[in-house]
Amino acid sequence: MKSRLTALIAVIAFAAVTVAAGCGSSNNDNGSTGTTAAGGALTATPGINVAKDNAIASAAASAVQQSGQLSIASDATYPPMEFFGPSDNTTVIGADADISKALGQIMGLTPKVQNTPFDSILPGLTAGKYDLGISSFTDSLDRQKTNDFVTYAQAGTSFYSSAPANLHPTTLADLCDHSVAVEKGTTQQEDAEGQAQKCQVDVQVYPDQNGANLAISSGRAELGMADSPVAAYIVEQSAGKFQLGEAYGVAPYGIAMKKGSPLAQPLLDAVKALYDDGTMQKIFDYWQLKDTAISNPQINGATS
């Protein structure tokens, strides 16, 4: 999947992407707004106003940790999926933030998103710290061993590199004899380390995506890997410093939860309802996420 954001969010400088774009929160109509290049208010996908579904809300109410609230963990260093807005560095915008808001509305719950390192979200769900993890998780059979997922979108992995490096990777084999920066706990880390068992690859693992981006822009690493919409955003915001490579491995995004969570069924019903009423596509369109929609959301829908 490829994504190209326009001037709507072009005000967010490349430095913010590479160094300080991270946080985690829902876009909760808290009164904080950013500014577009044209000087208007930047909040989120306009017109997210989903009616509460009483049946879904009733099922969800008894499944959450705290009455009336939906606790969500997110490592929002991953624009355009989840990241800080430009005005106050605390307002969170992005596709997942908008989805969190819509899910809260249909479930009759207030989303409370906590900024959490990506690799600690799944263990935190298992430990009961959060109800959900909404942070661009790829649903995989391996992750299903410890957590359940409701699929809601899809994405591939794209390569990107420093433009002066003049590299054009198309497959994992093209990592051989090069250095690659990846975020800790991601499928990109797994793929890069798997390739390093077949040939010489300098795999550099960073706590968040910002660190990986900085490693490339500073010359410590030649290549990067990220989910396709994120890689495309990084390259677009780099003002020509980065170039985008090919994508591979389209797989479902899943909303994560504790294994056996009673939230799974009401969450699945909520995701399907957001597709049925057009809200999900409205969010994808606003953030210009092409080929992101899926036709059949499922509980644990991964096949690999």
- prompt: What nm value, rounded to one decimal, do you get for the distance between Lys290 and Asp88 when each label is placed 7 Å out toward the C-beta?
  reply: 3.5
field: Residue-wise HN-Hα coupling along the stretch 110-124, computed from phi with Karplus coefficients 6.51, -1.76, 1.60 (Hz; x: Gly, Pro)
entry: 8, x, 10, 9, 10, 5, 9, x, 3, 6, 9, 5, 4, x, x
message: Checking the table Lys145/Lys272; Lys145/Lys259; Lys101/Lys282 against a 19 Å threshold on Cα-Cα, which pairs fail?
response: Lys145/Lys272
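Add +1 for every Lys or Arg and -1 for every Asp or Glu among the other residues with Cβ under 12 Å from the Cβ of Ala196, and state the total. Show your work: numbers first, answer last.
Working: positive: Lys198; negative: Asp177, Glu190, Asp191, Glu193, Asp202.
Net charge around Ala196: -4.
What whole-number value in Å² describes the accessible area per residue of the chain for a 1.4 Å probe? Intermediate results must be reported in sequence, preceding the final value.
Numbers: 11810 Å² over 304 residues.
Value for the chain: 39 Å² per residue.
If you roll a 1.4 angstrom probe over the protein chains with everything in place, what fraction of the accessible area of the chain belongs to carbon and sulfur, to the nearest %? All intermediate terms of the calculation are to be shown ahead of the outcome.
Working: 5780 of 11810 Å².
On the chain, the fraction of accessible area on carbon and sulfur atoms equals 49 percent.
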- request: Quote the relative contact order of the chain in percent (integer), defining contacts as alpha-carbon pairs under 8 Å separated by 6+ residues.
  value: 27
field: Extension gain from Asp277 to Ala127, taking 0.36 nm per residue of separation minus the Cα-Cα distance
entry: 50.6 nm
- prompt: Using a 1.4 Å probe, how large is the accessible area of Thr138, given in Å² and rounded to the nearest 10?
  reply: 20
- prompt: Karplus couplings for the stretch 256-265 from phi (6.51 cos²θ - 1.76 cosθ + 1.60, θ = phi - 60°), rounded to Hz, Gly and Pro as x?
  reply: 8, 7, 4, 4, x, 4, x, 6, 4, 5
- prompt: Probe 1.4 Å, all protein chains in place: accessible area of Ser71 in Å², nearest 10?
  reply: 20
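Once fully extended, how much extra length lies between Lys198 and Cys176, figured as 0.36 nm per residue of separation less the alpha-carbon to alpha-carbon distance? Write down the numbers at each step before the final one.
Numbers: separation 22, 0.36 × 22 = 7.92 nm, distance 0.85 nm.
Extending this stretch completely gives an extra 7.1 nm.
Defining a contact as two alpha carbons under 8 Å apart and six or more residues distant in sequence, what relative contact order in percent does the stretch 184-304 show?
Values: 57 pairs, mean separation 17.8, N = 121.
Relative contact order for the stretch 184-304 comes out at 15 percent.
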query: ³J(HN,Hα) across the stretch 238-249 via Karplus (A = 6.51, B = -1.76, C = 1.60, θ = phi - 60°), whole Hz, x for Gly/Pro?
result: 7, 6, x, 6, 10, 10, 8, x, 7, 10, 8, x
message: Taking the Cα centroid of the stretch 149-192 and of the stretch 63-103, what is the distance between the two, rounded to the nearest whole Å?
response: 25
- line: Measure of exposure for Glu246: accessible area at 1.4 Å probe, Å² rounded to 10, is 90
- prompt: Nearest 10 degrees, 0 to 90: what angle lies between the long axis of helix 228-237 and the longest principal axis of the chain (Cα atoms)?
  reply: 60
Rounded to 10°, Cα long-axis angle of helix 95-107 versus longest principal axis of the chain: 10
- request: With everything on Cα atoms, drop me the angle between helix 187-196 and the longest principal axis of the chain, reported from 0 to 90° to the nearest 10.
  value: 30
- request: Go ahead and set up a Gaussian network model of the chain, Cα springs under 10 Å, then flag whichever of Lys258, Lys184, Lys145 fluctuates most.
  value: Lys145
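Rounded to the nearest 5, what % of DSSP beta bridges with both residues in the chain are antiparallel? Don't skip to the end; give the middle numbers.
Working: 27 of 43 bridges.
The answer is about 65 percent antiparallel.
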- prompt: Which of Gln65, Tyr248, Ser162 sits closest to the plus end of the dipole of the chain, meaning its Cα is farthest towards the positive end, when Lys and Arg get +1 and Asp and Glu get -1 on the C-beta?
  reply: Gln65
- request: With runs of 4+ DSSP H residues as the only contributors, calculate the mean residue ellipticity of the chain at 222 nm using -39,500 (n - 2.57) per run, divided by the residue total and rounded to the nearest 500.
  value: -8000 deg cm²/dmol
task: Provide the FRET efficiency to the nearest 0.05 for the Asn166-Asn54 pair, computing r from the beta carbons and using R0 = 45 Å.
output: 0.20
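The values are calculated or read from the model by the stated rules, or taken from the named source; none is laboratory data. Since the structure is predicted, the reported quantities are computational estimates derived from the model, not experimental observations. FYI the Cβ positions are ideal-geometry reconstructions off the backbone, even for glycines, and counts take in every protein chain you see. Quick note on the areas: whole protein, heavy atoms, side chains included, nothing else; ligands and nucleic acids left out. Shrake-Rupley method; radii C 1.70, N 1.55, O 1.52, S 1.80 Å.
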